[in-house]
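So the structure is just underneath, and the comments pick up after that.
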Amino acid sequence: MTEQLINFNIRENITGRKRMKMSELRQMIKEEIQNIFEFSVKAHGKRVKEWEFPSSSGTKNYTTVKWSDGVYSCNCPGWIYAKGGVRNCKHLKSIGAPPQKVSDIG
């Protein structure tokens, strides 16, 4: 559902009457990603452990979190936009976390 919300918001702003600058689009995507991460806090309780990983481009860091209910999440694009009912990314793999079923994530 969250992925659909992001896609809808982006499509609405790109195809709407207002043309967006790339900087505005990037900011909107950044805010949507933050909303997803904040949803995880509400859905999964406290953060048990966190890992920071530099992006492959070296311009930012991504955070992988283990939540008190045993669910893992990451704020990287690989995890957020994963398809097929399972979320996984290289950051989860590097810490030995199992792929996360979308139904478990919420």
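Read-outs throughout are calculated quantities, based only on the coordinates presented, and are distinct from any laboratory measurement. On a predicted model such as this, the values are computed, not experimentally measured, just so you know. FYI the Cβ positions are ideal-geometry reconstructions off the backbone, even for glycines, and counts take in every protein chain you see.
If R0 is taken as 22 Å, the Cβ-Cβ distance between SER68 and VAL102 corresponds to a FRET efficiency of 0.70.
Annotation for LYS83 and ARG26: the two label points, set 7 Å from Cα along the Cα-Cβ direction, are 2.6 nm apart.
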